[in-house]
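K.L.:
Here it is, the structure, as structure tokens.
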Amino acid sequence: MGTFAISYRPNKSNPQSSEIPELIVHFNHWQLAKGASGLQFVDLGFNIRNADVIGQVRLILPFAVETDDIIDLSYTLQDIENLKSVFNRNLMINHDGSGGLSAISHAQEPTNWHFNFLLLTVEPSQVALSSRDGHSIYLLTLTAAQLAQISSHPTKCLYMRLRILGSSISNLTAISKPSFSKPFLTSFYEEQMIEVNFNRARNLPRSVVDPADLPFKIASLNYFLIKDSKYGYKSSSRPYDNLRRLEQRIWNDYITLPADKIRRSADYYEKVKHSVERFNKSEAGMAKEQLLAYQWDFDSVGNDFNVFAWFQREFINLKYFVVGLILISLFFELSGNYLYDWLTKEPAHKVERPVALQNACQEEN
């Protein structure tokens, strides 16, 4: 399995700045239904401090996606209730900013850079998407207006959040396949192995690495895995740090993509409208009452993380259950027929009586 990776390139006014941008990563991996055919997507949030030195953000995905498979979630976060849900704070939003940035702040924590930032709205002209060796490279270029607004902000902190859609998300999950040798047993359970890597150099092909890329200083990385409660947790590469049931009332509005707000940007909506409509239709059919959120926190442990988790779901696969019954029935039927034929078969040669027994029979006669 490859790795997600993020790097930056400095802007022209700060080509060799001594300040290193500091990054907080929020990685939300959503699995809203059972099996490989269920709705899966990934939300990536990046909180960047000292963002005024950045000219470009380069995001690498470990699978190929199309342009309209990457959705800017700033339109979702402009809803104040969604904003509160994501950050678990009573934040305020100011839409008066220019250059596609909205000011977000916390009245009680005005100097805390985590909760006093500029929310980036991405336009199609800012993005270039390319593919190489099975990986997608998402290159975002900040505009001059955005850089000016970031430079004038008190914390110089920028937040961007993207949703990754498409069938390629299923590559993060390996599902055990029923084998022919045990069709009956595998009708009752399914196992899933989930592996996610971030900034893992060993999993990154050299062909997608660019010498112009510079690493962020990672302050913390948080990985959330949201799964159907029917899957039982078995083990993981490291214990999860938190587990809770997802609050359906709070998160339903966040999950749905706000097509009415995205339409306000005609160019952007034209690029992503088919993916938005398809996603909302699929999401509407999902049952989300019993979702569990597993959380892994990585603080001050380096600039990368890896999560490997193993789950099992008990169920009845009718197809393989029937196949198993048929095979077992055929086995017993063939075995029974063979045993019956063997017991009732006439001897191949005449059985000779012993001489003493023949003489005794003759004397009686």
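K.L.:
May I ask for the net charge around residue 50, where only other residues with Cβ less than 13 Å from the Cβ of residue 50 are counted and Lys, Arg are +1 while Asp, Glu are -1?
P.N.:
Cβ neighbours under 13 Å give a net charge of 0.
K.L.:
Sticking with this structure for a sec: Which of the aspartates and glutamates could a cross-linker bridge to residue 227, judged by Cα under 20 Å and excluding same-chain residues fewer than eight apart?
P.N.:
43, 190, 191, 195, 241, 247, 253, 283, 289, 297, 314
K.L.:
Any chance you could run the full-extension gain for residue 263 through residue 128? It's 0.36 nm times the residue separation minus the Cα-Cα distance, nm to one decimal.
P.N.:
My answer for the length gained is 46.5 nm.
K.L.:
If you don't mind, another one. Could you check how many percent of all C-alpha pairs in the stretch 36-175 are farther apart than 23 Å?
P.N.:
39 percent
K.L.:
May I pose another question? So if each residue of separation counts as 0.36 nm, and I subtract the Cα-Cα distance between residue 274 and residue 112, what length gain in nm does that give?
P.N.:
Separation in residues times 0.36 nm, less the Cα-Cα distance, equals 54.5 nm.
K.L.:
Taking a 21 Å limit on the Cα-Cα distance, which of the listed pairs 84/217; 84/230; 156/271; 230/288; 84/261; 261/288 fall beyond it?
P.N.:
Violating the 21 Å Cα-Cα cut-off are 84/217; 84/230; 156/271; 261/288.
K.L.:
Can you pull the one-decimal nm distance between simple spin-label points at residue 170 and residue 314, each 7 Å off the Cα toward Cβ?
P.N.:
Modelled inter-label distance: 2.7 nm.
K.L.:
Using 0.36 nm per residue of separation minus the Cα-Cα distance, give me the extension gain between residue 235 and residue 214 in nm, one decimal.
P.N.:
4.1 nm
A short reminder: the numbers here are calculations on the coordinates, not readings from a lab. On a predicted model such as this, the values are computed, not experimentally measured, just so you know. Here Cβ is always computed from backbone atoms with ideal geometry, including for glycine, and neighbour counts include all displayed protein chains.
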